[in-house]
């Protein structure tokens with residue numbers, strides 16, 4: 001039985017750190033500040049463990065300097081053009097924080113909030129937050145639950161639910177920076193990435209979708225087969241060069257079963273053998289190759305994060321959808337429930353299930369090979385990234 005244990009994260013900060021471990025050797029730490037995934041320790045095929053997400057050493061560093069490391073993002077992931085949108089005939093103005101646009105819910109988004117934590121049966125940790133009407137300019141009081149569930153096989157699932165008392169727009173995600181070689185161990189340009197998408201959204205020089213979805217075929221955005229990130233990041237493609245790397249949204253193929261997670265992306269590090277599969281109910285995934293990291297931020301062990309020192313795979317509604325009627329609607333209305341599920345799986349662990357892992361005391365511990373899926377006691381969502389009527393639940 002997987003259980004979460006909580007403890008203070010620093011003296012006098014009011015921030016808690018919650019930790020859970022799976023029998024296969026995966027261990028995760030979540031902070032109540034920002035709902036941050038502070039650590040995600042994953043064995044490779046031989047049992048060697050590395051922390052595969054970028055983090056900062058203390059709460060003050062997260063509050064003062066973090067570029068969304070591991071954080072929950074809301075009310076709206078990605079950008080809303082010029083900090084404005086119109087809903088049901090009413091215009092709303094939002095604070096801008098990125099080249100004249102609103103990024104990740106604004107300067108005081110959910111990544112800077114203190115969430116309340118509650119451990120649940122079945123390896124789950126539920127974080128809750130109430131965002132008042134008018135928060136960062138968004139209409140309606142929004143009540144949010146974000147539940148992290150660690151499965152026996154090492155799968156980390158993230159389920160969102162949200163409700164509102166006025167019509168509003170919602171898109172929630174996690175902003176983990178992933179380096180499968182280990183945080184601070186060089187760049188990820190040698191990692192291969194596959195994205196199950198036939199189209200992507202080109203952007204203007206400020207990161208806003210510029211026109212309609214375009215096909216990936218024949219471009220550096222064609223990741224329908226695994227390709228080293230280096231090929232795209234160093235390609236000289238105008239879109240990629242302007243962003244300093246990938247910072248684009250891929251439009252995922254529709255799920256065979258509506259409302260159920262399907263594979264969005266598969267990331268692989270050839271050196272360590274670690275593989276991350278991201279599955280989601282969302283329509284898009286923003287691939288960001290950590291273009292702005294410059295070595296000024298460091299892990300608690302002192303290792304610094306340089307350019308392309310990680311990649312983010314942010315599952316989400318399409319960027320600027322509140323202003324784009326041609327995109328899937330991000331509108332949530334009273335009486336409806338926003339639901340979204342994303343799973344972070346590590347398929348190399350199943351392949352290496354017969355290889356013993358090395359415990360802290362030096363003894364070999366057999367790995368497990370439980371099938372991936374929701375942990376015991378976790379209910380798969382009936383709807384995701386969409387509004388479902390509460391009466392139907």
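The values are calculated or read from the model by the stated rules, or taken from the named source; none is laboratory data. Just so you know, these numbers come straight off a predicted model, no measurement behind them. Positions of Cβ are generated from backbone atoms using ideal geometry, with glycine treated the same way; all protein chains shown enter the neighbour counts.
When the residues of the stretch 198-245 are filtered to those that are closer than 23 Å to residue 326 by Cβ and touching a helix residue (DSSP H, G or I) at 6+ places or on another chain (Cβ under 8 Å), the one that is surrounded by the most Cβ atoms within 10 Å (Cβ to Cβ) is 221. Does residue 236 fit the bill of being modelled with pLDDT under 95 and either over 11 Å from residue 193 (Cβ atoms) or in a helix (DSSP H, G or I) (or both)? Yes, satisfied.
Taking the criterion of being under 16 Å from residue 251 (Cβ atoms) and in a loop (DSSP other than H, G, I, E, B), the only residue of the stretch 191-201 that qualifies is 196. For the stretch 300-320, taking the residues that are out of contact with any strand residue (DSSP E or B) (no Cβ under 7 Å at 6 or more places or on another chain) and surrounded by 19 or more Cβ atoms within 10 Å (Cβ to Cβ), the one that is farthest from residue 243 (Cα to Cα) is identified as 309. Considering the stretch 339-358, the residues that are in contact with a strand residue (DSSP E or B) (Cβ under 6 Å, 6 or more places away or on another chain) and modelled with pLDDT under 90 include one that is surrounded by the fewest Cβ atoms within 10 Å (Cβ to Cβ), namely 356.
Checking each residue in the stretch 87-121 for being without any contact (Cβ under 8 Å) to a residue 40 or more places away in the chain, in contact with a strand residue (DSSP E or B) (Cβ under 7 Å, 6 or more places away or on another chain) and surrounded by fewer than 20 Cβ atoms within 10 Å (Cβ to Cβ) picks out 91, 96, 97, 118. Test residue 74 against the stated conditions and say whether it is touching a helix residue (DSSP H, G or I) at 6+ places or on another chain (Cβ under 9 Å), buried (at least 18 other Cβ atoms within 10 Å of the Cβ) and closer than 27 Å to residue 247 by Cβ. Criteria met by residue 74. Residues that are touching a strand residue (DSSP E or B) at 6+ places or on another chain (Cβ under 7 Å) and either farther than 25 Å from residue 96 by Cα or free of Cβ contacts under 8 Å to residues at least 24 places away in the same chain (or both) within the stretch 130-145 comprise 130, 143, 145, listed in sequence order. The criterion of at least 1 residues that are closer than 24 Å to residue 303 by Cα and in contact with a strand residue (DSSP E or B) (Cβ under 6 Å, 6 or more places away or on another chain) is met, among strands (runs of 3 or more DSSP E) falling completely within the stretch 1-77, by 16-21, 27-31, 37-43, 49-51. Within the stretch 138-154, does at least one residue satisfy the condition of being surrounded by fewer than 19 Cβ atoms within 10 Å (Cβ to Cβ) and farther than 27 Å from residue 80 by Cα? No: zero hits. For the stretch 157-173, check the following and say yes or no: at least one residue is outside any strand (DSSP E or B), touching a residue at least 40 places away in the same chain (Cβ under 8 Å) and in contact with a helix residue (DSSP H, G or I) (Cβ under 8 Å, 6 or more places away or on another chain). Among the residues of the stretch 157-173, at least one is outside any strand (DSSP E or B), touching a residue at least 40 places away in the same chain (Cβ under 8 Å) and in contact with a helix residue (DSSP H, G or I) (Cβ under 8 Å, 6 or more places away or on another chain), which makes the answer yes.
Looking only at residues in the stretch 43-71 that are more than 18 Å from residue 147 (Cβ to Cβ) and in contact with a helix residue (DSSP H, G or I) (Cβ under 8 Å, 6 or more places away or on another chain), the one that is modelled with the lowest pLDDT is 45. Restrict the check to the stretch 202-223 and report whether at least one residue is under 30 Å from residue 43 (Cβ atoms) and in a strand (DSSP E or B). No, the stretch 202-223 contains no residue that is under 30 Å from residue 43 (Cβ atoms) and in a strand (DSSP E or B).
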